[in-house]
């Protein structure tokens, strides 16, 4: 019996030495917490990552949990001790780092009980950031393509309308009007080509959504877009304009998308039994240029107002659309330090308020929100 006890003692000593050797040389932050929630050991990397010292050995885990900076670590440890099952999860500590945390039960096989846990932390902050960057890139690419599909309809509609008036002018042998509309046709063709080229360039760059800004006249953009829209839902529309300010520093492509989506929606959601009226205005308000589009269309129920700017939301399933237009508008504005809001009454109409950050004092170039 004494020999067996001696052998058993030596075996335990060897295991302890192996455990000590492992804990001393591993490059992974690890903690050993016993069944009474006492911190018994930790690896050197844990000292660095969690600002622990040898004085912390023997303390309750609740006394050092603030060092670990993960608020539910005690509850997670207790869960593993109670269930005997491995817990794996991605966590973010209060200092902003991300870790893959594994809590493994430390089993006393002879007594068939959990005598504590080994907690392993593998930092994955860089991997999480890469994943977020990829998600952002995919989202930007998706939004870019939807924006292109929306924006290209406006110059195409303008070309269609100009084709009709050119034919009419030719038949009436009105040479003067024919020359005027021919110039507009060339201008619209160039605008569409430039639009496609700029979107392709932004897509090929593989960079963040295009934020190249220039000094633009909102009035000019509105005028170009309404010409094209008159070929679609605006043939009998009554436009009212009140431009108290005109120029802003903004991305031309993004501004065209914003204006087109808002005006096109006014026509799409018009009340068929009455003349469509659209009031378009601008003014300076507390560091912003406020651009408003007010219509007398169908309006939106209060319960739907919070979700109309969300991705893929279609309030009226009976009308054609992807539910991406207002989502695109919101993304474009937020990427350039702006915002959008809405007031609406079902059956009476809607007012969209777009706030462009007033960058009048900024120089042209890349806009950093």
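Since every read-out is calculated from the coordinates, none of them should be taken as a lab result. Remember, predicted model here, so these are calculated numbers, not experimental data. All Cβ positions, even for glycine, are placed from backbone atoms using ideal geometry, and neighbour counts span all protein chains on display.
By per-residue mean of other Cβ atoms within 10 Å, what is the highest-first order of 82-90, 36-44?
On the way: 82-90: 11.6, 36-44: 17.6.
Result, highest mean Cβ count within 10 Å first: 36-44, 82-90.
Can you give the FRET efficiency to the nearest 0.05 for residue 236 and residue 28, using r as the Cβ-Cβ distance and R₀ = 51 Å?
Numbers: r = 72 Å, r/R0 = 1.41.
Using R0 = 51 Å, I get an efficiency of 0.10.
Residues of segment 84-100 with an amide N closer than 16 Å to a point placed 7 Å from the Cα of residue 123 along the Cα-to-Cβ direction: 91-100.
The peptide list 54-66, 213-225, put in order of mean Cβ contacts within 10 Å with the highest first, becomes 213-225, 54-66.
Counted residue by residue at 0.36 nm each, then reduced by the alpha carbon distance between them, the extension gain from residue 180 to residue 345 reaches 55.2 nm.
The length gained on full extension between residue 83 and residue 277, counted as 0.36 nm times the residue separation minus their Cα-Cα distance, comes to 63.1 nm. Taking 0.36 nm per residue of sequence separation and removing the Cα-Cα distance, the residue 40/residue 167 pair yields an extension gain of 36.8 nm.
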